[in-house]
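Below: the structure, in structure tokens.
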Amino acid sequence: LRKAVLYTWLAGIVLVGGYLVFVNIHFTYGLKKNAKHLSEIKGYPLSVYFAENIDTPCMHGFIRPAIYVTGEAMADEKVLRHVLEHETTHYRHGDHIWCLLRSIALVIHWYNPLVWLAAVLSRNDSELACDEATIKRIGESERAEYGRTLIDMTCQKRSALFVNATTMTGSKKSIKERIVLIAKKPKMAIYTLIAVVVIAAIA
């Protein structure tokens with residue numbers, strides 16, 4: 001029985017890991033096909049490319065990450081700045097590394113629904129943190145305009161858990177949550193902070 005369980009687990013790792021590799025090779029090929037380097041955009045730590053084959057701007061790449069923008073983002077100077085600041089914040093947070101770690105966790109624990117749930121929540125939290133940090137960088141005066149940019153840049157497709165890229169999209173529920181939090185300008189109450197510290201200490 002132990003061997004049967006072990007072989008089943010290993011077979012799952014091979015299948016899910018193979019799917020992970022396939023999805024990212026396919027995504028990378030489609031992303032970089034006909035991508036054009038925008039040398040005129042300066043002031044950001046990552047190279048910026050215009051890509052025709054994407055639905056929403058993203059940051060992609062583990063060793064040499066880069067930002068890829070859509071024609072819709074390039075059509076408006078302010079929207080483009082919001083997009084670049086958003087993806088730059090993802091880079092500063094190391095979210096491209098967390099994307100890979102989430103994928104590895106899913107490959108190893110493919111049988112555990114709690115790990116899948118944790119991966120989804122982790123990705124949602126990274127977007128919430130990115131939104132708030134981006135607003136701090138661009139200024140509170142642009143909070144509402146940034147929210148509109150987020151809505152405009154969001155596509156109907158969800159970003160796949162296995163794709164190692166940060167995007168501005170998400171499920172309808174997560175986008176609604178992000179917009180509500182942007183509008184409310186959330187602040188952590190002192191009792192919430194205490195509860196978080198206590199729970200962390202117990203854990």
Across Lys78/Lys136; Lys42/Lys78; Lys78/Lys173; Lys136/Lys184; Lys32/Lys173, pairs whose alpha-carbon gap is larger than 23 Å = Lys78/Lys173; Lys32/Lys173
Rounded to the nearest 500 deg cm²/dmol, what is the calculated helix-only ellipticity per residue at 222 nm for the chain, with -39500 (n - 2.57) per DSSP H run of length n ≥ 4?
-> -21000 deg cm²/dmol
Would you work out the charge dipole size for the chain about its Cα centre, treating the Cβ of every Lys and Arg as +1 and the Cβ of every Asp and Glu as -1, and quote it to the nearest 20 debye?
-> 540
DSSP-loop GluC sites (Glu not before Pro) across the stretch 27-106, with at most 10 other Cβ within 10 angstrom | Glu40
So which trypsin sites (Lys or Arg not before Pro) in the stretch 16-113 end up in coil per DSSP with only 16 or fewer other C-beta atoms within 10 Å?
-> Lys33, Lys42
Pair Asn34, Val21: separation of 7 Å Cα→Cβ label points (nm) | 3.0
Looking at the chain, send over the antiparallel percent of its DSSP beta bridges, to the nearest 5.
-> 75
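Considering every pair of different Cα atoms, what Kirkwood radius, in Å, is found for the chain?
Values: mean 1/r = 0.0543 Å⁻¹.
One over the average 1/r among Cα pairs gives 18.4 Å for the chain.
Indicate the helices, whole DSSP H runs only, in the chain that combine a mean Kyte-Doolittle hydropathy of -0.5 or more with a Cα extent along their long axis of 24 angstrom or more.
Once both thresholds are applied, what remains is 2-32, 113-138.
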If one computes the Cα centroid of the stretch 1-71 and of the stretch 112-140, what distance in Å separates the two points?
-> 19
Of 144-151, 113-120, ordering from highest average Cβ density within 10 Å down gives 144-151, 113-120
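Values in this text are rule-based calculations from the coordinates and carry no lab data. Being a predicted model, the structure only gives us computed values, none of them experimental. No Cβ is skipped: glycine too gets one built from the backbone with ideal geometry, and neighbour counts run over all protein chains shown.
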